[in-house]
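Report on the structure given below.
The values are calculated or read from the model by the stated rules, or taken from the named source; none is laboratory data. These numbers come from a predicted model, not from an experiment. Cβ placement follows ideal geometry from the backbone for every residue including glycine, while neighbour counts extend to all protein chains displayed.
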Amino acid sequence: MYDVIIIGGGPGGVAAGVYAARKKMKTAIIADTVGGQSVISVDIQNWIGTPSISGFEFSQALERHLRAQKDDIDIVDGERAETIEKLSDGTFRVTTNSKKVFETKTILLTIGSRHRRLEIPGEKDFEGHGVVYCATCDAPLFKGKEVAVVGGGNSGLEAVVDLLPYATKIYLIHRGESLKGDKSTQDKIVQKPNVEIILNAAPREIHGEGKLVSELVYENIITGEKKILKVQGVFVETGVQPNSEIVKNLVKLSEWNSIIINPQTQETSCPGIWAAGDVTNALYRQNNISAGDAIKAILNIYDHLHIKGK
């Protein structure tokens, strides 16, 4: 019987694991991989304390830090939690894809979200080499370059705002007849001389030279005409899907399927389950925030188990 099982191996899960180990809580972390989605990033410049690090090096550093706690935490990697059951005594049973079973008093979910993808030729080939999914993270890498942003909702508009100080030209591509994002954000970008808005447009292909993006092919969905944009970056900002399916029958979800949490403690609506990071309805999605919120959750779980005598 574990004190806590952490599900997810990104920055949030690793941070939680380190803190749980330091608190001498009986802990297991279940993750198919350790390191998180940032492994595909060419250069991470906003991880506090590290001016620049590749996604691969970042994921390795996280894994080293976690494995340094080996005497105080069970690391179950290469496994994916498939079901969570709440038992009659208030504890939980977690079953993985290989049918391994674990029991625990509490659970912390740091299972993140997945980007909605374009699903077009070239997207996967150039992921991390010009195709990116986080303007807040990667906008500085495109200084002096021409880029395309795909998505006319708030995510797309905010990506354009993030790129304004860096990119020389920004094409905002949206398949609808008008932008969907907040009017106030639209007003910030429509008059900018380096922003061109292309409506009724659907991306069809991404081409590259060598390992880097060089072109985006889009189609006018009304006329069927295809055009090519010479760009060095494609920012896919069509939204995210929280990986909350595993607890959809246990906790309260938002209309976007994010896990609703108490922002002071990271507790969910189900006693005994906490959540942190991109799977929650937290306002911002950043590695630093995921790590901080996960630490907050572990400290609250410790209080719940040891100080409150539960």
Within the stretch 34-49, restricting to residues that are without any contact (Cβ under 8 Å) to a residue 60 or more places away in the chain and either outside the structural domain of residue 279 (by TED's automatic domain parsing) or touching a helix residue (DSSP H, G or I) at 6+ places or on another chain (Cβ under 8 Å) (or both), the one that is surrounded by the fewest Cβ atoms within 10 Å (Cβ to Cβ) is 39
Scanning the stretch 221-257 for residues that are of a type in the set (S, T, N, Q) and without any contact (Cβ under 8 Å) to a residue 24 or more places away in the chain, the one nearest to residue 281 (Cα to Cα) turns out to be 257
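If I ask for residues that are in contact with a helix residue (DSSP H, G or I) (Cβ under 7 Å, 6 or more places away or on another chain) and exposed (fewer than 12 other Cβ atoms within 10 Å of the Cβ), which ones from the stretch 84-108 would you list?
Hits for the stretch 84-108: nothing passes.
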Of the residues in the stretch 249-266 that are crowded, with 20+ Cβ neighbours inside 10 Å and in contact with a helix residue (DSSP H, G or I) (Cβ under 8 Å, 6 or more places away or on another chain), the one that is farthest from residue 12 (Cα to Cα) is 259
Over the stretch 173-196, the set of residues closer than 13 Å to residue 229 by Cβ and buried (at least 18 other Cβ atoms within 10 Å of the Cβ) is 173
Q: Please work out if residue 60 is surrounded by fewer than 17 Cβ atoms within 10 Å (Cβ to Cβ), modelled with pLDDT under 95 and touching a Cys at 6+ places or on another chain (Cβ under 9 Å).
A: no
For the stretch 50-64, pairs from a residue that is outside any helix (DSSP H, G or I) to a residue that is surrounded by 15 or more Cβ atoms within 10 Å (Cβ to Cβ) and of a type in the set (Phe, Trp, Tyr), with Cβ under 7 Å and 6 or more apart or across chains, are 53/47
Those residues of the stretch 213-243 which are within 22 Å of residue 112 (Cβ to Cβ) and either touching a Pro at 6+ places or on another chain (Cβ under 7 Å) or of a type outside the set (A, V, I, L, M, F, W, C) (or both) amount to 237, 238, 239, 241, 242, 243
